[in-house]
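The values are calculated or read from the model by the stated rules, or taken from the named source; none is laboratory data. These numbers come from a predicted model, not from an experiment. FYI the Cβ positions are ideal-geometry reconstructions off the backbone, even for glycines, and counts take in every protein chain you see.
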Amino acid sequence: MRRCGRPNAATAVAIRVTPLPPPRAIHRRRLASLNSSYQPASLAAFDMVANRPSDPGHDPRDIHFSVPQVHRLRTTWEVAGDDFDELLGVLHASTDPDQSGGPDAEIEPPHVLIWADEEVMAASPRVGVLAKRLAQSGRVHVVGGPRAVPGGEEAKNSPEVIERLLADIHNAMLDRRSYIIAIGGGAMLDAAGYAAAIAHRGIRLVRIPTTTLAQADSGVGVKNAINHFGKKNWVGTFAVPWAVINDAGFLTTLPDRDFFCGFSEAVKVSLLKDAAEFERIMRRAPAIAKREMPIACGVIEASCRMHLDHITRGGDPFETREARPLDFGHWSAHRLESLTDYVIRHGEAVAIGVALDCLYSTLVHGLPEAETRRVCDCFTMLGLPLWDEALDDFERVLAGLEEFRQHLGGRLTVTMLRGVGDPLNVHVIDRVAMREAARQLKGIATQASPPSPAQ
Ligand SMILES: NC(=O)c1ccc[n+]([C@@H]2O[C@H](COP(=O)([O-])OP(=O)(O)OC[C@H]3O[C@@H](n4cnc5c(N)ncnc54)[C@H](O)[C@@H]3O)[C@@H](O)[C@H]2O)c1
Ligand SMILES: [Zn+2]
């Protein structure tokens, strides 16, 4: 039997000792020779453009590849009415055209399951009408629904909702070529999107967002999530929706509070990307406050387009970089939501968070004070708050910075503004200045009354 361990002294004298390289060095040399000789045949056919030797730290053994994605956004006035064909048009057959066995082959209509926010279902007959028209269209096979899903943050706060949605998919025997049509606010869509993304590793999801916020921002996005461990969006995935239909008809039943919420995201994206759009929102704020639909829908559409453009052309749809510019104002907004047990709406928390970071940007990064005042005025005209009493214990809000960092990974990276349309990413937040920004915001919020847009 071979014995391991130290040789005894007598044996050691007889052995000529050659110093051995440390075992890890041997392993590395073997690996290096293996790696240099290994050329998988498939690589020859591989699109080497995808290999990016110019990347800093590029290792020739690393293979970059990209997966084509399609984003289908449709804007309609009444998808349950005259614009119904826009919905039918995005529900493609479940067989690939080249595998259908020729022109006479039977094409199986895709299976469709409909989920709807319970408050949307209660507010108007639209969901029922839509479901009936789909069933009668002969183009799809409606295998379930419309099923009611809790609306608002409740949908994201209970894992039982996800369990129920997954059971629904299972019972309806959906496959990856089936469709889930999810109709509702951003919270319900986030929960529905998560269930759709994890069942069979992804079922085609058609979102019909029914709030201004979901139409202006989240509905067109590629994320879904539910809350966990008392933290916002802690569990979720990146998944590109099959299609998104922004329908004005659904917005008509929104209560005022939720109607105004979406415009905080519209202001946010305009401050980051388009100073002229911010001016337009400022001018249109009084009409939005009166719920003049063509004007309100124009602002929502512009916001949605800017978000979509960022996702499809910004180069980082799945947020692999440290910076997440669309989350301007969100480090405190997400924290406020959890501190208030989600009593504050996301859109309201975003208005407060954006105003706070504008004040900080003025104190630290040179954003002109007049611009910051206009942002605050704009939110006030839009019926959005600038303060919540949860901010009074500001140290607890500041803890949101670390939560935000963990959610993104890497260094803390927060977007601030040097000017309107001129963002910058910072890695350090001066807490003294942030406390001062909060103090000033409280003062502005206390005096706030809707100014005239000419001011
Ligand atoms: N995934 C993302 O990229 C992303 C981005 C931004 C926000 N979000 C999430 O979106 C959520 C906020 O969404 P929201 O602002 O749409 O609010 P919401 O989904 O919480 O809806 C607000 C309320 O309005 C009701 N409602 C929705 N549509 C209605 C209609 N047409 N008529 C009557 N009532 C209606 C809902 O049932 C709910 O009670 C938050 O959870 C936020 O985290 C996600
Ligand atoms: Zn947001």
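Residue-level check: of (1) within 18 Å of Gly347 (Cβ to Cβ); (2) surrounded by 16 or more Cβ atoms within 10 Å (Cβ to Cβ), Arg291 misses just (2). Scanning segment 228-244 for residues that are away from ligand 2 (no atom under 11 Å from the Cβ) and either surrounded by 24 or more Cβ atoms within 10 Å (Cβ to Cβ) or under 13 Å from Leu308 (Cα atoms) (or both) returns Val240, Pro241, Ala243, Val244. Listed by position, the helices (runs of 4 or more DSSP H) contained in segment 239-351 that have at least 2 residues being away from ligand 1 (no atom under 11 Å from the Cβ) are 256-273, 275-289, 293-313, 330-339. Take Leu213 and decide whether it is within 16 Å of ligand 2 (Cβ to nearest atom) and assigned by TED's automatic domain parsing to the domain that holds Glu154. In short, yes.
Within segment 112-124, residues that are hydroxyl-bearing (Ser, Thr, Tyr) sit with their Cβ atoms under 8 Å from residues that are away from ligand 2 (no atom under 16 Å from the Cβ) and at pLDDT 95 or above, at 6+ positions apart or across chains, in these pairs: Ser124/Phe250; Ser124/Thr252; Ser124/Thr253. Tell me whether segment 162-178 contains one or more residues that are touching a Pro at 6+ places or on another chain (Cβ under 9 Å) and within 16 Å of ligand 2 (Cβ to nearest atom). Checked segment 162-178: no residue is touching a Pro at 6+ places or on another chain (Cβ under 9 Å) and within 16 Å of ligand 2 (Cβ to nearest atom). Does Ala155 qualify as being modelled with pLDDT of 95 or more and crowded, with 24+ Cβ neighbours inside 10 Å? So Ala155 passes the test.
Among the conditions (1) out of contact with any His (no Cβ under 7 Å at 6 or more places or on another chain); (2) within 12 Å of ligand 2 (Cβ to nearest atom), Arg207 misses just one, which is (2). Here is the figure for segment 171-188: residues that are acidic (Asp, Glu) and either closer than 12 Å to Gly145 by Cα or without any contact (Cβ under 8 Å) to a residue 24 or more places away in the chain (or both) total 0.
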